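Following: one structure in structure tokens, then a few remarks.
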Amino acid sequence: MPAFKPSPKEYLLETTTTTMPSTTLPPQPFRTPRSEFDCQYKIIKLGNGLKALLVSDTQADKAAASLDVRNGSFADGDINGIMHFLEHMLFYSSSKYPEEDAYSKFISQHGGKTNAYTANESTNYHFDVNPEHLEPALDRFAQFFIAPLISADGVEREAQAVDSEHKKNLNIDGWRRYELWKHTSNKQHVFSRFATGDFSTLIEQPTKKGLSPHSLVKEWYERHYSAGLMKLAVVGPHSLDDLEAMVVSKFSMVPADPSIKAVTVPRNAVTPDNLGKLIKVVPIKDHHTVEINFPTPVSEVEHYTAAPMHYISHLVGHEGEGSVFSLLRQKGWATGLVAGEANTSFSNQSFFMCHVDLTEEGNIHVKEVVAIIFAYIHMLKHNKDGVSEGIWGEVRGIADLKFDYRDKPSPYSMVTSLTVGMQVYEDEHLLEALHGVSLEYDASLIHQALNALVPENARIMWSSKLLEEECGEVEPVYQSKYSLSDIPQDWLDAIGSSTGSPSSTNSTIEGLAELSLPKSNPFIPQNLDMITEHSKTAEKAVDDDRKRIWHQPNPSFKTPKAVAMMHIHLNEAYATPEKAVMSKLHCLLVSDALTEVAYPASLAGLHYRLSSTAAGFMVALSGFSDALPRLMQCVLNKVLCKTIAEDRFDIMKEKLAREYRNHAFDQPYNQAVYEMAIALEAKRWHMDSYKQVLPFIGLSDLSSFISNTLFHRTWTEIFLTGNVTLESSLDLAGDLEGRLAEEEGREGALPLLPSQRTECRVVKVPAGQATVYVKPGTDPNNDNSAVMVCFQVGPDNDLQANALCELLVHVAKREAFYQLRTVEQLGYLTWCFQHSTVTVKSICFLIQSSAHSAGYLESRISAFLPVLLEKLTAMTEEEFEKHKEQLAVAKLEEPKKLREAAERSWREIDNGTLRFERQRDEVEALKDVSREQLIDFYKFHVLDHEMCRRFSVRIEATKKKEEEEGGSSNEKKEGVEQASSLEPSFKTWMGGSVHFIKDVFEWKRKQDLFASSR
Ligand SMILES: [Zn+2]
């Protein structure tokens, strides 16, 4: 029996009658979630054929819009990447707003952000903005589609940006595998083509053929953009009438040419020649994975009301008892499994995929792993309940429940998903289809899809560094080493025997009989009642020498959900690198042991996260309040349990070792952020140390650490919020105490001594010189370099300094992006932002580039700093006030989800700062700030070399860059150097010295620390 299966109609009626008593409201065009009681939807079609969805959300403190054009990179024709390039070029300027970058500048000056992406069949543009500026923002946005300038002088520069965007992806395995799927498919089909584009495909190759890249972009715009292919969604607190008036006046002028159609592609992206294949590939990171990919005869988009693949992925991707993953885990062969519609799918061709993360042992048994997946699929086809309305009903019931109480997305992500959905779903099903509510049970479609999941129809990609010698071919775009063959006979035999094919003998794989359909889900909430008590901030409910409990009942999100945060402080957990690694291993083992419980819980909307921290263990839980205590019990039982799953120890150790090894292949900008944290957090071990100690940690070490040391003394801080009463909070806390007592014998775990309470301290970067830490890149094949430059401001208890810091970044980020990326094209990833090291704030710049060394990038950041001073000085009083106002509006934005609100309060609790009304207080402080103060603040913290605390991390690619940089980086000697010809721009703005450090730990030991906030 399906547990929750009311008809969509009933919900609709309830939404409009119970929470919206007014009878004059127009009916919604489709079913909407209960939690969206304050939203009204309306669909309109303009005279030119453009369809728009208007959403009036009285609670929205941002407005947003998205426009989706039903043509994407499948319309590239012979010019690889041109549709993506066109997407970039539309941002430049328009006839009505000819100033370069006018649109993005306007949006960012008014509290918003913009972005766009090009998919196979669509190009999507979107932004958000403070609501009172929606109309002028839409006016600028609409010009993209009315009269863009696609300026000739921007073409080469922007092609550099696309080139750099592609180069940053070159060493990412996900991109490499995706390209390989394409490369090994039907070469006649547009799916097989390279879609991002780079400088060569966009500029060099056309130029060689005598074509003008600029004319090409214009031509593609004229051939593929037309009002009839566009879907627009606009969200704001405005009335539906106001939104409609805006949309009609701005978008009616978008030209319509009925001869322009969406490019449709044939269903032969893969042909029989491409099927029954095994693709072996060598990854960048040290991971073993296997993925099976099948084209299915039923398109999931065309059959979205029945969504057959959704049904199949629920079962193949299940992680509970009897599932594929459960058996693979038992055998020690897998650490992760994902199944569902593959990202290679497009609207008229679906692919089903099952991806498995393999252990070393699993990598050896890869063909058995594949055989087990086929065995399960075989079971689904032949078990009388494999395709059943009962299972469908439970899936549907949970989907309904999640739909009704879903957390409202931000307007920005809401509009984007709406326009994507509008291109493919009927209006009346729009939201349900977008949120995975399958509307009808259709056994025959499910069977049709299942019947396609056979070896003859499969493409298997096996990825492992151990396959290097067998991979003789090179994929041309990402240079992946691979090989392509038929699925070998011994694999087919293993599959045949596991599926009981008559031609083969019985399977040698043990445990196949354990494969079974999932049991009914015990975590589906029964009680959805809402509490009535409400508190504005967190309040302390208990405070003793073992724990402190905070509680904040908050039903304002109108969903029966709760969040629990729990930081178990254990003074031994992070005492040495060895202990830190053992704590981490414990976390991995606990999460692993919880798989079969956590998976059904997550299906029912209950999630937990367990992590080891510098203070102990952090547990975060969220979901329906009715079932949350049950999951919390399960998690605590495992965290505090002293017996280790011995058979899983080696697997988790291997997983951890791989994680440490793979750090070397992280993107350089991520490494810069990591090294910055290592340098500035007073107590933080480096992954290199973990790597060294891990091999010496054995099962007995971990076992004795957990039983004798780890939980000896504890202190726990807990925060509960949402649909949760004080009584139930205290009950949960009581359970925890009981559990600790059990573990430690009658008298319970001992409290931490006052002297043992954990602290979090941050290195105070010395003033008077720029400190530079240069680290060579750790991946010889990655020619990206990155630099992160931080100007430390100080702890966040100075409200005015916080306000100034934020205001400065608010003004600077747009200028920095324009100068460093749009004009200088230093790199696709270019940011200016405010950064916190625990509670210490700084102003940061971060750039990653494949064309320049980190030393050069830093010199360009330095050269930008006086330019920014000029901008600040030239700013009128009026502009200044506007910036302040925009920032204040952004800061006062209320959290949209319970989890966001909970995290905000939890940060204050966990850091010990307890400023629960921080946003309001900082906005108060902002009001008194003058333009002169902002300039003085900038000079003091950034420009004045005697006063500023400047620290930078450079990750320098091992490959040498062009001569521009001379000897500025890798071989730099330790010590102080006078700013000289090496760093020309340092000299111009600082006239001071630069201190290069090599041993970051030695440097760290010698610096002062900021006081701990805890
Ligand atoms: Zn792009």
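The values are calculated or read from the model by the stated rules, or taken from the named source; none is laboratory data. Treat the numbers as computed from the prediction; the structure is a model and nothing was measured. Virtual Cβ from ideal backbone geometry, glycine too; neighbours counted across all protein chains shown. In case anyone asks, the SASA skips ligands and DNA or RNA and just uses the protein heavy atoms, side chains included. Shrake-Rupley method; radii C 1.70, N 1.55, O 1.52, S 1.80 Å.
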Requested in this report: Scan the range 700-729 residue by residue and report those that are in a helix (DSSP H, G or I), under 22 Å from residue 616 (Cβ atoms) and of a type in the set (A, V, I, L, M).
Outcome: 702, 706, 710
Query raised in the report: Which of the residues that make up the range 403-424 are more than 24 Å from residue 450 (Cβ to Cβ) and more than 21 Å from the chain's Cα centre (by Cα)?
Result: 403, 404, 405, 422, 423
Requested in this report: Could you grab me the full set of residues in the range 937-958 that are outside any strand (DSSP E or B) and either of a type in the set (A, V, I, L, M, F, W, C) or out of contact with any Ser or Thr (no Cβ under 9 Å at 6 or more places or on another chain) (or both)?
Outcome: 937, 938, 939, 940, 942, 943, 944, 946, 947, 948, 957
Query raised in the report: Exactly one of (1) out of contact with any Leu (no Cβ under 8 Å at 6 or more places or on another chain); (2) open to solvent by less than 10 Å² (accessible area, probe 1.4 Å) is unmet by residue 173. Its number?
Result: (2)
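Every residue, every condition in (1) farther than 21 Å from residue 199 by Cα; (2) within 25 Å of the chain's Cα centre (by Cα); (3) away from the ligand (no atom under 12 Å from the Cβ); (4) open to solvent by 40 Å² or more (accessible area, probe 1.4 Å), yes or no:
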{"site": "78", "(1), (2), (3), (4)": "no, no, yes, yes"}
{"site": "84", "(1), (2), (3), (4)": "no, yes, no, no"}
{"site": "89", "(1), (2), (3), (4)": "no, no, no, no"}
{"site": "96", "(1), (2), (3), (4)": "yes, no, yes, yes"}
{"site": "104", "(1), (2), (3), (4)": "yes, yes, yes, no"}
{"site": "107", "(1), (2), (3), (4)": "yes, yes, yes, no"}
{"site": "113", "(1), (2), (3), (4)": "yes, yes, yes, yes"}
{"site": "119", "(1), (2), (3), (4)": "no, yes, no, no"}
Report summary line: residue 305 vs (1) in a loop (DSSP other than H, G, I, E, B); (2) buried (at least 19 other Cβ atoms within 10 Å of the Cβ); (3) among the hydroxyl-bearing types (Ser, Thr, Tyr): all pass except (2)
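Does residue 270 satisfy the condition of being away from the ligand (no atom under 16 Å from the Cβ) and modelled with pLDDT under 95?
Working: away from the ligand (no atom under 16 Å from the Cβ): yes; modelled with pLDDT under 95: no.
Considered against the rule, which asks whether it is away from the ligand (no atom under 16 Å from the Cβ) and modelled with pLDDT under 95, residue 270 comes out as no.
If the requirement is being in contact with a strand residue (DSSP E or B) (Cβ under 7 Å, 6 or more places away or on another chain), of a type in the set (Gly, Ala, Ser) and at pLDDT 95 or above, which of these qualifies: 116, 60?
Numbers: 60 fails: at pLDDT 95 or above.
Criteria check complete, one pass: 116.
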Query - Answer residue from the range 140-164, given it is within 11 Å of residue 251 (Cα to Cα) and open to solvent by less than 20 Å² (accessible area, probe 1.4 Å) and is nearest to the ligand (Cβ to nearest atom) among those - result: 144
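Being farther than 23 Å from residue 874 by Cα, within 16 Å of the ligand (Cβ to nearest atom), in contact (Cβ under 8 Å) with a residue 40 or more places away in the chain and surrounded by 19 or more Cβ atoms within 10 Å (Cβ to Cβ) narrows it down to one of 769, 825, so name that one.
Working: 769 fails: within 16 Å of the ligand (Cβ to nearest atom).
Sole residue among the options that is farther than 23 Å from residue 874 by Cα, within 16 Å of the ligand (Cβ to nearest atom), in contact (Cβ under 8 Å) with a residue 40 or more places away in the chain and surrounded by 19 or more Cβ atoms within 10 Å (Cβ to Cβ): 825.
If you take the residues in the range 121-139 that are within 16 Å of the ligand (Cβ to nearest atom) and either free of Cβ contacts under 8 Å to residues at least 60 places away in the same chain or not aromatic (Phe, Trp, Tyr) (or both), which one is farthest from residue 63 (Cα to Cα)?
So the first thing to find is which residues in the range 121-139 are within 16 Å of the ligand (Cβ to nearest atom), and the list is 122-127.
Next cut, either free of Cβ contacts under 8 Å to residues at least 60 places away in the same chain or not aromatic (Phe, Trp, Tyr) (or both) only: 122-126.
Values: 122: 23, 123: 21, 124: 17, 125: 15, 126: 11 Å.
So, considering only residues that are within 16 Å of the ligand (Cβ to nearest atom) and either free of Cβ contacts under 8 Å to residues at least 60 places away in the same chain or not aromatic (Phe, Trp, Tyr) (or both), the one farthest from residue 63 (Cα to Cα) is 122.
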Report task. Determine if the range 317-334 includes at least one residue that is part of a strand (DSSP E or B) and either open to solvent by 10 Å² or more (accessible area, probe 1.4 Å) or closer than 29 Å to residue 588 by Cα (or both). Result -> yes
Query raised in the report: Which condition does residue 65 not pass, out of (1) more than 14 Å from the ligand (Cβ to nearest atom); (2) within 26 Å of residue 889 (Cβ to Cβ); (3) in a loop (DSSP other than H, G, I, E, B), if it passes all the others?
Result: (3)
Requested in this report: Identify, by number, the condition in (1) at pLDDT below 95; (2) touching an Asp or Glu at 6+ places or on another chain (Cβ under 6 Å) that residue 912 doesn't meet.
Outcome: (2)
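For residue 195, are the conditions met, namely being within 16 Å of the ligand (Cβ to nearest atom) and surrounded by 18 or more Cβ atoms within 10 Å (Cβ to Cβ)? If you could, list the steps in order and put the result at the bottom.
On the way: within 16 Å of the ligand (Cβ to nearest atom): yes; surrounded by 18 or more Cβ atoms within 10 Å (Cβ to Cβ): yes.
Yes, satisfied.
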Requested in this report: Kindly provide the set of residues from the range 397-437 that are under 19 Å from residue 128 (Cβ atoms), part of a helix (DSSP H, G or I) and not aliphatic (A, V, I, L, M), ordered by number.
Outcome: 411, 412, 413, 416, 417, 419, 421
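Being out of contact with any Leu (no Cβ under 7 Å at 6 or more places or on another chain), outside any loop (DSSP other than H, G, I, E, B) and closer than 22 Å to residue 830 by Cβ: is that true of residue 809 here?
Working: out of contact with any Leu (no Cβ under 7 Å at 6 or more places or on another chain): yes; outside any loop (DSSP other than H, G, I, E, B): yes; closer than 22 Å to residue 830 by Cβ: yes.
Against the criterion (out of contact with any Leu (no Cβ under 7 Å at 6 or more places or on another chain), outside any loop (DSSP other than H, G, I, E, B) and closer than 22 Å to residue 830 by Cβ), residue 809 qualifies.
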Query raised in the report: Which residue pairs have Cβ atoms under 7 Å apart, sit 6 or more places apart or on different chains, and have a first residue in the range 793-812 that is among the polar types (S, T, N, Q) and a second that is in a strand (DSSP E or B)?
Result: 802/841
Query raised in the report: Quick one: is residue 361 farther than 30 Å from residue 57 by Cβ and open to solvent by 40 Å² or more (accessible area, probe 1.4 Å)?
Result: yes
Report summary line: Counting only helices (runs of 4 or more DSSP H) entirely within the range 194-265, those with at least 2 residues that are of a type in the set (Lys, Arg) and under 17 Å from residue 84 (Cα atoms) are 213-224
Query - Cβ-Cβ under 9 Å pairs, at least 6 apart or on other chains, the range 191-215 side on the phi > 0 side of the Ramachandran plot, far side not in a helix (DSSP H, G or I) - result: 197/76; 197/79; 197/80; 197/81
Query raised in the report: Any residue at all in the range 810-817 that is surrounded by fewer than 19 Cβ atoms within 10 Å (Cβ to Cβ) and within 16 Å of the ligand (Cβ to nearest atom)?
Result: yes
Query raised in the report: So how many residues does the range 893-902 have that are free of Cβ contacts under 8 Å to residues at least 40 places away in the same chain and assigned to a helix (DSSP H, G or I)?
Result: 1
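Residues to consider are 642, 584; find the one that is among the basic types (Lys, Arg) and modelled with pLDDT under 95.
Details: 584 fails: modelled with pLDDT under 95.
Result of the check over 642, 584: 642.
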Report task. Give the range 768-792 a look and list any residue that's over 21 Å from residue 832 (Cα atoms) and assigned to a loop (DSSP other than H, G, I, E, B), or say none. Result -> 768, 777, 778, 779, 780, 781, 782, 783
Report summary line: By my count, strands (runs of 3 or more DSSP E) wholly in the range 486-574 with at least 1 residues that are buried (at least 20 other Cβ atoms within 10 Å of the Cβ) and not hydrophobic (A, V, I, L, M, F, W, C) are 547-553, 561-569
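Between 439, 431, 450, 445, which is in contact (Cβ under 8 Å) with a residue 12 or more places away in the chain and closer than 30 Å to residue 485 by Cβ?
Working: 439 fails: closer than 30 Å to residue 485 by Cβ; 431 fails: closer than 30 Å to residue 485 by Cβ; 445 fails: closer than 30 Å to residue 485 by Cβ.
None of the other options fit; the residue is 450.
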Query - Residues satisfying the stated conditions in the range 645-657, i.e. surrounded by 14 or more Cβ atoms within 10 Å (Cβ to Cβ) and either of a type in the set (Gly, Ala, Ser) or at pLDDT below 90 (or both) - result: 645, 657
Report task. With respect to residue 42, determine if the residue is modelled with pLDDT under 95, charged (D, E, K, R) and not in a loop (DSSP other than H, G, I, E, B). Result -> no
